[in-house]
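Below is one structure, written out as structure tokens; the observations come after it.
The values are calculated or read from the model by the stated rules, or taken from the named source; none is laboratory data. Keep in mind the model is a prediction, meaning the values are calculated, not measured. Methodologically, a virtual Cβ is constructed for each residue, glycine included, from the backbone with ideal geometry; neighbour enumeration extends over all protein chains shown. When the accessible area is computed, the model is the full protein with side chains, heavy atoms only, and any ligands, DNA or RNA have been set aside. Shrake-Rupley method; radii C 1.70, N 1.55, O 1.52, S 1.80 Å.
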Amino acid sequence: MFTSDNAFSTALTLILSMDSALISIVMLSLQVSLMAVLIASLIALPLGAALALWRFPGRNVVIVALNALMGLPPVVAGLCVYLLLSRAGPLGEWGLLFTPTAMVIAQVILVMPIIAALTRQQVEALHGEYAEQLNSLGLTRLRMIPTLLWDARFGLLTVILAGFGRASAEVGAVMIVGGNIDGVTRVMTTSIVLETSKGNLPMALGLGIILLALVTMINAIAHMIGETAKRRLG
């Protein structure tokens, strides 16, 4: 039976010795979350910018829905993906359930509304500030999108990092669609739940320390980007 003191010291030993089981879990976590954020960003950045620039009937409804989806419960996202990918679901024949791909899909659904909604806010503010200059150059709304996204790049990097933080700390959705299979779909958050329930506190603490360090690093980078943007843009 581990006490809190020797569990913590054993956890540090696991980290410093680069324990193979621990490292494989961390690497899979990073692969899944990075891929999810990349896919979500490729969709959400232009989507958010387009929503900021175009006016159409029902636009406010779309904005409200997008903002509401920022708080989408992970278990609900996981359940929706599960129903899609299960054998009885419309995509069941693809055999993606309980694979890293299913976990990526679930995280994309969770992260995309965050990036899209915050992108819309930033691009809409920039468009209001530079509308006259952009119109004087004869730019169409479609051509304004890359210009405004580039101008908002520092803020958008912070937005993307926030999305990565959401993805990397998520447990409910990936547990449902991944199944927490050892060596296949077991990531940091699901491993912490499992190892704690088994009483394997050193492994749970080791993964918790790494996850906490990762989240802290993300916030530090986001802060540095924000400060850099303030210095460069005044």
Review point. From the set of residues in the range 166-208 that are among the hydroxyl-bearing types (Ser, Thr, Tyr) and within 16 Å of residue 26 (Cβ to Cβ), which is nearest to the chain's Cα centre (by Cα)?
Key: 168
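Considering only helices (runs of 4 or more DSSP H) fully contained in the range 7-114, which possess at least 1 residues that are farther than 30 Å from residue 126 by Cβ?
Values: elements: 20-53, 59-69, 74-85.
Here the list reads 20-53, 74-85.
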Exercise for review: Working only within the range 6-42, note down all residues that are within 30 Å of residue 151 (Cα to Cα) and touching a helix residue (DSSP H, G or I) at 6+ places or on another chain (Cβ under 6 Å).
Suggested key: 32, 33, 35, 36, 37, 39, 40, 41
Exercise for review: Would you please name the residue that is farthest from residue 118 (Cα to Cα), looking only at residues in the range 17-73 that are among the polar types (S, T, N, Q) and either open to solvent by 80 Å² or more (accessible area, probe 1.4 Å) or in contact (Cβ under 8 Å) with a residue 24 or more places away in the chain (or both)?
Suggested key: 20
Review point. In this structure, does residue 229 turn out to be out of contact with any Gly (no Cβ under 7 Å at 6 or more places or on another chain), at pLDDT below 90 and farther than 30 Å from residue 17 by Cβ?
Key: no
